[in-house]
Every structure is written in C-alpha cells, then in structure tokens.
Amino acid sequence: MRVFLLTGLVLLVGTGAGTAQRRADAALPPWSKQLEIREGWLAARHQLLLPMMRRHGIGMWIVVNEEFHDDPIVPTVAPPRPYAGNRDFFVLIDDGGAKLRAFSITGYPEENLKAFFEPMPEGRNPGKMLAQLYQQFKPRTIALGIDGNRAVTRTISHATFGLLTEWLGPEASAKFVSAAELIEEHLDTRIPEEKEWYTLLVRITDRIAKKAFSNAVITPGKTTVGDIRRFLFDEYARVGASTWFQPDIRVQRQGGGDFEVGKHSATPAAPGPALEGTVIRRGDVIHVDMGITAMGLDTDWQKMAYVLRPGERDVPAGLKRAMANTNALQDAVMKTCSQPGRLNTEVYDCAMAEMKRQNIEAMIYSHPIGNQGHGLGAGISFGSGGDRTGKPLRLGSYISIELNTATPVAEWNGQKVWVMMEDDAHLTAKGWEFFWPRQTQWYLIR
C-alpha cells in the first residue's frame, strides 16, 4: 500500500489499479499516478472493444487525433497522454480471432503505446501504413468519426476524411461507415475499476459545493455572485482538477429582482444564472451548478442554500416543503420508474405521471455522464420526448439526475421557488443509486 500526502489530506491507495481505501477527506493522487490508474482501465476497456465492434458490424475502427483538434475518444482507447504529431492514428481491427488487434501510427514515439498497440514504423508516412493495414486485413467495414447527432461522434475533419479517401482508395472508402453507435456504447459502458475513483470525484465536488455555499466564502450583503464563481475556479485548481463548464449561480429573492443573465434552454421556466455583480442578501435562495474534471471523468452537481434573515435559525417551512418535493421527484425517477433495460422515454413518462399524481410541478432533464459531462447514452429528459422510440437504460451506466420542482411558498406570499438538484448516480438492478448522499436539508448561510 502506498500513502500520498496532498494538501494536508491523506489518500491510501492500493499498489495496482484496483480498489482504494479512502478517508472522506481524500484528495486526488498525483498526475503520474492518475496516468498509471487510467492505463489500467484502458486494458480492461480494450477487452470490451472487440465484442462491441462485432455487435455493430465493424471490422476496422480508425481514430484520428489532430494537433490543435484533439479527438475526445483518444484517451479512452489509447494511453491518456499528449499527442502532438500533426495527425496520429489509432487503428482497432477485428481479424476474426479472439483478441483485438490494435495498431498505432504516431508522429512521435511513445513507449507506453507498446503496452496496448503494435506501433507501425514510418509514422511520418501514415497513408502508406494505413493502406498496408487495409490490404493485410481487408475489413468488411471501416468506422470513422463521421455523422451522428453529437460532436464526439463526428470528430474527423474534412481534410482528414479526404486524405483517408485518397490513401485507402475507392475500394476501401466505399466501406466507410459512421462509428457513432459504437462510440455511444463505448462511452456509455463503465467498468468496475472506475467506480470507486468516480465516487472520490463526486465527494470532492460535494466538498467544494458545500464550502462555496458557506460563510467561509459568503458574507451576506458583501459577497457577489462573481466572488463565488472565482472561488470555484480557484478551488478546482487547488484540488488538482479542472472543469468542463462554467459554474453558474442562481438567485431567487422574495419579490423577484432583475439580476438574471437569461434562461437556460433546459430550464426555460426556472431562474437563469445571476449576473456576477449580484450581491447575496439575507433571505435569498441561492443555487449552484458546477462540476469538476479529473481522471478523464466529469462530475455535475447542483445544490441549494438559504441565507438566513436576522433572527432566523432555520429555513421557512415552505422552503422545506419545496425541497421535499424535489426529493420526491428524485425518488420517482430513481426508484419507482427506473430499471435496466427499460426505455428512457418510459421512465420519463412514469416519473412525470407520479408527479402529476402528487400534484407537484416538475421538470426532468437528466443526462448520461462519465468521460464527458453531457455524455452519450439514454438520458431521462423532456428533450428525448420528441424521439418516442426511446433507448434502453444500460446496467452500470452513469447519469446526472438533473431536475427541478416549482413550489408556491406561503412565507413568500405564494411566490414560486424552484429547487433545482443534480446528483451523479449509477444504474443497478434495483434502479439508480447516488454516488454520494443527496441533499435533503438546505445549506444555511448565517
């Protein structure tokens, strides 16, 4: 067992890429250790790729990384290291045998590639090497990052597509197909080795959110929304993480107020992000939407706080009811309606019917998460309502349970208050389970 001391915190890690024992205040391991762990995951992922390729009828998959135009797929199929060789190629082949064949054609040599690929010579002449692989294996189809409805499935540039067509010739280019469905299954499939480390990322995310919504950061009447956002950016860096989207702070105030940037497309009725100059006042309801990136994984997190008025020791009863309504919506999505294999559209309809039965005004816009924040897979959202064919929930997949309820609050003269929550979860045989306990009580700013 190895012990890492980081920013005053302790992390106990097994010597391999397996499970880790951690204290609740554990921190991320050094970057070199992260690379070691992630390359251990890569070995497990390569074992899954061959059956995936066969399910999608793909004989060869060519993944291309271009300098200044990185393909986000690369760190999930190749060692997660920098690639800056103009164009680097990772070629995965089904030769009919029991083992995936993997070849790399890179502009710069990288020793760690040899653990996962057969490096091709003449990396500066990729056209010759790719043509050689085609002639050697004669794949029935060649999958490329083209088409699909998400950017991660259509990553190959027009220039690179033209070069592949030229290098491989008309016979091979007639076999080009989209890798979109393979990419979706690949990115929506989690491996057991990732789970405990993702739990750590969620725990760190929760710790940051709680600190941001505390008197350690907020002084009512003085602190601005911009102050909180700057704290979040700096705290990400302090813990050794980055982020995949800007943190947003929303403010709800009795009687309203003109301090919103605008409405989010997913929440057109709910409050929009507040302007950075907005000062946090006593009696405000505040909300954070934030997440971190580390270990090649993303988190997504939304939490609620209340700024106590003079003389108050707790939130008004109406706000407690509002949070209870959102917790009820979480229960409907996660336990009442979700099971592996059930269509996401059915889950959405079931949860909304339960909210109608309970007379709760609700919105659901949950999305897959993992290697990307807005990941691929079966989301549970009104946004998928237009496609009524639906997608089945995949056992073991990760999701951000993102939703809200709107509740009239008596103490605010019947004004609606939106309680917006987002918690990362994984799918078990019994339904979704949170990686970390959800919020059931308001964070209090004194």
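P(r) tail for the stretch 200-295, what percent of Cα pairs lie past 15 Å? Please report the intermediate quantities before stating the final value.
Values: 2730 of 4560 pairs.
Here the tail beyond 15 Å accounts for 60 percent of pairs.
At a Förster radius of 22 Å, what calculated FRET efficiency corresponds to the Cβ-Cβ distance of N86 and N112, to the nearest 0.05? Don't skip to the end; give the middle numbers.
On the way: r = 20 Å, r/R0 = 0.90.
Approximately 0.65, to the nearest 0.05.
Please work out how much length the chain gains when fully extended from A43 to D258, using 0.36 nm per residue of separation minus the C-alpha to C-alpha distance, in nm with one decimal. Before the final figure, lay out the partial values.
On the way: separation 215, 0.36 × 215 = 77.40 nm, distance 5.28 nm.
Stretched out fully, the A43 to D258 stretch lengthens by 72.1 nm.
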For this session: Quick one: what are the phi-derived ³J(HN,Hα) couplings along the stretch 78-87, Karplus 6.51/-1.76/1.60 with θ = phi - 60°, whole Hz, x for glycine and proline?
Result: 9, x, x, 10, x, 10, 9, x, 6, 10
Exercise. Which of the peptides 284-296, 196-208, 118-130, 100-112 is most tightly packed, and how do the rest follow, judged by the mean count of other Cβ atoms within 10 Å per residue?
Worked result: 284-296, 196-208, 100-112, 118-130
Exercise. With springs only between Cα atoms under 10 Å, which of G221, G240, G377 fluctuates most in a Gaussian network model of the chain?
Worked result: G221
Exercise. Distance from the Cα centre of the stretch 281-305 to that of the stretch 138-205, in angstrom?
Worked result: 30 Å
Exercise. If you take the charge dipole of the chain about its Cα centre, with +1 on Lys and Arg Cβ and -1 on Asp and Glu Cβ, which of P310, G85, S178 is farthest toward its positive end?
Worked result: P310
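Here is the link list: K195/K430; K263/K416; K128/K175; K33/K211; K99/K138. Which ones come out longer than 21 Å on Cα distance? Before the final figure, lay out each step's value.
On the way: K195/K430 17 Å; K263/K416 16 Å; K128/K175 18 Å; K33/K211 27 Å; K99/K138 17 Å.
With Cα atoms farther than 21 Å apart: K33/K211.
Where does each of 154-162, 38-46, 325-333 land if you order them by average Cβ count within 10 Å, highest first? Don't skip to the end; give the middle numbers.
Details: 154-162: 15.4, 38-46: 17.9, 325-333: 21.4.
Answer by packing, highest mean first, reads 325-333, 38-46, 154-162.
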Exercise. Put +1 on the Cβ of each Lys and Arg and -1 on the Cβ of each Asp and Glu in the chain; which of Q330, F117, T243 then has its Cα farthest toward the positive end of the dipole?
Worked result: Q330
Seminar exercise, completed: Cα-based Rg and Dmax for the stretch 51-186, in Å, come out at 13.6, 36
Exercise. Taking the alpha-carbon centroid of each part, what is the distance from the stretch 233-261 to the stretch 382-446 in angstrom?
Worked result: 18 Å
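At 0.36 nm per residue, minus the direct Cα-Cα distance, what do T389 and H158 gain on full extension? Give it in nm, one decimal, please.
Working: separation 231, 0.36 × 231 = 83.16 nm, distance 3.16 nm.
Roughly 80.0 nm would be gained on extension.
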Exercise. Over the chain, what relative contact order in percent results from Cα pairs under 8 Å that are six or more residues apart?
Worked result: 12 percent
Problem set entry | Approximate spin-label separation Q132-R150, in nm, with each point projected 7 Å along Cα-to-Cβ | 3.6 nm
For this session: Note down the relative contact order for the stretch 234-300 as a percent, whole number, built from C-alpha pairs under 8 angstrom at least six residues apart.
Result: 41 percent
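Taking all pairs of distinct Cα atoms, average 1/r, flip it, and tell me the Kirkwood hydrodynamic radius of the stretch 190-445 in Å to one decimal place. Walk me through the numbers before you get to the answer.
Numbers: mean 1/r = 0.0539 Å⁻¹.
Kirkwood radius, the stretch 190-445: 18.5 Å.
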For this session: For the stretch 190-445, give the magnitude of the charge dipole about the Cα centre (Cβ charges: +1 Lys/Arg, -1 Asp/Glu; no others), in debye to the nearest 20.
Result: 480 debye
Seminar exercise, completed: For Q330, the net charge from surrounding residues (Cβ-Cβ under 9 Å; K, R +1; D, E -1) works out to 0
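Can you tell me the dipole magnitude for the chain around its Cα centre, using point charges on the Cβ only (Lys, Arg +1; Asp, Glu -1), in Debye to the nearest 20?
On the way: 51 positive and 50 negative charges, 209 e Å.
For this selection, approximately 1000 debye.
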Exercise. Rounded to the nearest 0.05, what FRET efficiency do R309 and Q415 have when you use their Cβ-Cβ distance and R0 = 22 Å?
Worked result: 0.90
Seminar exercise, completed: With the label point 7 Å along the Cα-to-beta-carbon line of E166 and a cut-off under 20 Å to each amide N, the hits in the stretch 75-111 are 85-90, 105-107
Seminar exercise, completed: Given the candidates M129, P271, T405, the one whose Cα lies deepest towards the positive end of the charge dipole of the chain, counting +1 at each Lys or Arg C-beta and -1 at each Asp or Glu C-beta, is T405
Seminar exercise, completed: Within the under-15-Å Cβ sphere about I360, not counting I360, Lys/Arg +1 and Asp/Glu -1 give a net charge of +2
Exercise. With charges set only on the Cβ (+1 for Lys and Arg, -1 for Asp and Glu), what does the dipole of the stretch 62-166 come to about its Cα centre, in debye to the nearest 20?
Worked result: 260 debye
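For every other residue with a beta carbon closer than 14 angstrom to the beta carbon of A115, add +1 if it is Lys or Arg and -1 if Asp or Glu, then tell me the sum.
Numbers: positive: R38, R45, R81, K114; negative: E36, E39, E110, E111, E118.
Taking every Cβ under 14 Å from that of A115, the sum is -1.
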Seminar exercise, completed: So, relative contact order of the stretch 190-445 in percent, Cα under 8 Å, 6 or more apart, is 21 percent
For this session: List I62, I369, I146, I445 from most exposed to least, where exposure is judged by having the fewest other Cβ atoms within 10 Å.
Result: I146, I445, I62, I369
Exercise. How long, wide and thick is the chain, going by the Cα atoms along their three principal axes, in whole angstroms, largest first?
Worked result: 78, 50, 39
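Computed from the coordinates by the stated procedures, all read-outs in this text should not be read as laboratory data. Given the structure is predicted, the values throughout are model-derived calculations rather than measurements. Note that we place each Cβ from the backbone using ideal geometry, even for glycine, and neighbour counts take in every protein chain shown.
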